[in-house]
1. Using a basic spin-label model with each label point 7 Å from the Cα along Cα→Cβ, how many nm lie between residue 13 and residue 177?
2. Determine the relative contact order of the range 79-279: mean sequence separation of Cα pairs under 8 Å and six or more apart, normalised by residue count, in whole percent.
3. Provide the gained length on full extension for the span residue 236 to residue 107, in nm with one decimal, where the gain is 0.36 nm per separating residue minus the Cα-Cα distance.
4. What order do you get for 157, 175, 107 when you list them from fewest to most C-beta neighbours inside 10 Å?
5. Between residue 339 and residue 50, what's the calculated FRET efficiency when r is the beta-carbon distance and R0 is 45 Å? Round to 0.05.
6. How many nm separate the modelled label positions at residue 294 and residue 394, each set 7 Å beyond the Cα in the direction of the Cβ?
7. What is the range 96-157's relative contact order, in percent, from Cα pairs under 8 angstrom and six or more apart in sequence?
8. Expressed in nm to one decimal, what extension gain is obtained for the pair residue 118 and residue 27 from 0.36 nm per residue of sequence separation less their Cα-Cα distance?
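No lab work stands behind these numbers, since they all come straight from the coordinates. From a predicted model like this one, the values you see are computed outputs, not experimental measurements. In this analysis, Cβ positions are derived from the backbone assuming ideal geometry, glycine residues included, and neighbour counts consider all displayed protein chains.
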């Protein structure tokens, strides 16, 4: 047990070190990109789009995450958090009941379960928003409670416009966890109304802008569920939190009176053949894991290209010399062959590493971050000593790839997925009054 505890502390410190190094490396890359912008002038519009994307989706979120880890408390304070660590939407609904019962009351109230955030769903919501096409299952951005992403979310599209919608995220409460004041609930939820699409005040990302009075959305959720399912009862904890005016993670103003309704769905009957497998957001492969694995594959492809060049280039062997004198042709050929084999083996190892990362191996994730960190440090030393010049034409793409690997795999979503413990299926045959019966 003592060894396991020490290993856990070491893993945590290592993750923190990689996380901070990713932020420092991202700042350095931003500095290099700004320098390149002066060389390119204003004609290269694509470069400034890439720089904005890097700033909004990688650099600023990482800096926010580093700072909020220091000054934002980690305990429950009635607010969800963004992946950047900023305080997000208010937690304004609590629920009692098994997961199938929560799904049943939401579907009865004509709410639609939101898709998970994937490349396909993200592309679809962007096109749907631009062309004003309906997407009733549009995904919602991840928010965090209990240090994990929402388990699922529901929404109601307004006027067939994905830019406007009612939506609510749900988190399963940890076993034995109680609300402040000692109230036992099974789920917490955060509901808000998306009124438009705009830019985040804090990160410059494109995001939904929410209606300020979140109590209206809270009451809409409770009223639609109560009207659709007579077996539901509602108890309200008055002044659960102090009424306040604040901002969410996107910089939108929010206000609430602090009341917390508890929706009791334990009496809702659900047929046994409609019982879904118990879900847990930590079991869903997040985008940073996929991106990190893809970048490692790209690194392996570069190694394969270099190996092929070493094996097939006749000019390279003649260029190799020692102390200004050319090596023996046979020795040169042997040296080039050995170099090619080493690079080839490294490329094959990178492919295996990428596959293990994709499967969720924490060890492979740590090894990939370590390799990227070593590469970044070597390039930083070469750059500071003047032995290497990092530009768009030479070296900058490789450095950016290593930094992106480090940013992706050191993110909270990648770390939680790699260290997760899978949640077993709930052995249920029928859900009736009082919860789940085996």
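1. Placing both labels 7 Å along Cα→Cβ, they lie 2.8 nm apart.
2. Numbers: 427 pairs, mean separation 51.4, N = 201.
About 26 percent, as a whole number.
3. Values: separation 129, 0.36 × 129 = 46.44 nm, distance 2.26 nm.
Difference between extended and current length: 44.2 nm.
4. Working: 157 20, 175 5, 107 15.
Neighbour counts put them in this order, fewest first: 175, 107, 157.
5. Details: r = 33 Å, r/R0 = 0.74.
Approximately 0.85, to the nearest 0.05.
6. So the label points at residue 294 and residue 394 sit 3.1 nm apart.
7. Details: 57 pairs, mean separation 24.2, N = 62.
Relative contact order, the range 96-157: 39 percent.
8. Details: separation 91, 0.36 × 91 = 32.76 nm, distance 2.74 nm.
Extra length from residue 118 to residue 27 when fully extended: 30.0 nm.
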